[in-house]
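Worksheet for the structure shown next.
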Amino acid sequence: MPAKVLLELKNVTIKFGGLTAVSDLSFKLFEGEIVGLIGPNGAGKTTVFNLISGVYRPTEGEIYLNGENITGLKPFQICHRGIGRTFQVVRPFGGKSVLYNVMVGAFLRTNDTRKSREKALEVLQLVGLYNKKDVLAKNLTIVDRKRLEVAKALATEPKLLLLDEVLAGLNPAEVDEAVEMIRQIHKSGITILLIEHVLKAAMALSQRIMVLDYGKKIAEGSPEEVTSNPEVIKAYLGDNYGIA
Ligand SMILES: Nc1ncnc2c1ncn2[C@@H]1O[C@H](COP(=O)(O)OP(=O)(O)OP(=O)(O)O)[C@@H](O)[C@H]1O
Ligand SMILES: [Mg+2]
């Protein structure tokens, strides 16, 4: 059976004044995939997430989820339809417990406190934060804040999860653990689009990679294909990250 298209962007452009942050971007995500979105700083990656999740409305083009046009819907409506996301800059309710923060996400699907607590505990188990459920969010280490960010998104029960640099700032051992966590999330049946500067991890996780540069998709393919693409190498030259 051919794979089902879960998300499709058709010729999406967004301009901020004179700056075209995303330019004529088209791609499809198939159900069950893990796809990496990479590119130098300022390439437009987070803006793509903001477009998909309804934070911004495209200047031109359309976005489809399961064949339905979701362009211009509000973030809450898009979340309700099954797209969850993490934020590059994490912002939990610092003075509240980990469990409370995750229950806020779970309340998207239920009004029942007991059910939302159950859901929150289930996702805390999945991201490895169960033992810290009563810790105040502000007292978490960076790696645990990243886990919390993922847990909040998972609690909304997404079909598609958008992960924005959840590996940034982690040490190599923590990156390995987080990669394993992302694999587990994927195994649970969630399609994943991930933005990553830790290219090794992006390559290890992704079946397919798309490369953005100055808002344009300059390459797409297997990790091997994109890393040997001269245009991609050129886009990364002069960037801090390198391609290895
Ligand atoms: N709300 C906005 N208003 C004006 N310009 C914006 C806005 N949001 C993003 N931009 C600009 O759009 C471009 C793309 O930014 P974006 O944050 O999407 O890049 P990125 O690829 O996620 O970069 P990084 O790797 O540093 O996170 C940048 O030039 C940024 O300054
Ligand atoms: Mg970004």
Sole miss for ASP112 among (1) more than 16 Å from ligand 1 (Cβ to nearest atom); (2) assigned by TED's automatic domain parsing to the domain that holds GLU196; (3) out of contact with any Gly (no Cβ under 9 Å at 6 or more places or on another chain) is condition (2)
For ALA155, the lone unmet condition from (1) modelled with pLDDT under 95; (2) closer than 25 Å to ARG183 by Cβ is (1)
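Do we have LYS138 as away from ligand 2 (no atom under 16 Å from the Cβ), buried (at least 21 other Cβ atoms within 10 Å of the Cβ) and assigned to a helix (DSSP H, G or I) here?
no
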Any idea which residue in segment 17-65 is farthest from ligand 2 (Cβ to nearest atom), counting only those that are open to solvent by 40 Å² or more (accessible area, probe 1.4 Å) and among the aliphatic types (A, V, I, L, M)?
-> LEU19
Could you give me the residue pairs with C-beta distances under 7 Å whose first residue belongs to segment 187-214 and is within 16 Å of ligand 1 (Cβ to nearest atom), whose second residue is of a type in the set (Ser, Thr, Tyr) and modelled with pLDDT under 95 wherever it lies, and which are 6+ apart or on separate chains?
-> HIS197/TYR241; LEU199/TYR241
Going by the structure shown, is THR20 more than 21 Å from HIS197 (Cβ to Cβ), among the hydroxyl-bearing types (Ser, Thr, Tyr) and in the same structural domain as LEU194 (by TED's automatic domain parsing)?
-> yes
State all residues of segment 74-101 that are crowded, with 20+ Cβ neighbours inside 10 Å and free of Cβ contacts under 8 Å to residues at least 12 places away in the same chain; if no residue qualifies, say none.
-> none
Within segment 154-168, can you find the residues that are surrounded by 16 or more Cβ atoms within 10 Å (Cβ to Cβ) and within 16 Å of ligand 2 (Cβ to nearest atom)?
-> LEU162, LEU163, ASP164, GLU165, VAL166, LEU167
Got a sec? Which strands (runs of 3 or more DSSP E) wholly within segment 176-227 have at least 2 residues that are modelled with pLDDT of 95 or more, aliphatic (A, V, I, L, M) and more than 16 Å from ligand 2 (Cβ to nearest atom)?
-> 216-221
Determine whether segment 142-152 contains at least one residue that is within 28 Å of GLY39 (Cβ to Cβ) and surrounded by fewer than 16 Cβ atoms within 10 Å (Cβ to Cβ).
-> yes
Given the residues GLY36, GLY61, GLY17, GLY32, which is the only one that is on the phi > 0 side of the Ramachandran plot and within 14 Å of ligand 1 (Cβ to nearest atom)?
-> GLY17
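When the residues of segment 6-16 are filtered to those that are away from ligand 2 (no atom under 16 Å from the Cβ) and touching a Leu at 6+ places or on another chain (Cβ under 8 Å), which remaining residue is most open to solvent (accessible area, probe 1.4 Å)? First the steps, then the outcome.
Keep residues of segment 6-16 that are away from ligand 2 (no atom under 16 Å from the Cβ), which gives 6-13, 15.
Keeping just the survivors that are touching a Leu at 6+ places or on another chain (Cβ under 8 Å) gives 6-9, 11-13.
Numbers: LEU6: 3, LEU7: 0, GLU8: 44, LEU9: 2, ASN11: 81, VAL12: 0, THR13: 12 Å².
That would be ASN11.
The values are calculated or read from the model by the stated rules, or taken from the named source; none is laboratory data. Everything numeric here is computed off the predicted structure, so don't read it as measured data. Note: ideal-geometry Cβ built from the backbone for every residue, glycine included; neighbour counts use all protein chains shown. Note: areas computed on protein heavy atoms with side chains; ligands, DNA, RNA excluded. Shrake-Rupley method; radii C 1.70, N 1.55, O 1.52, S 1.80 Å.
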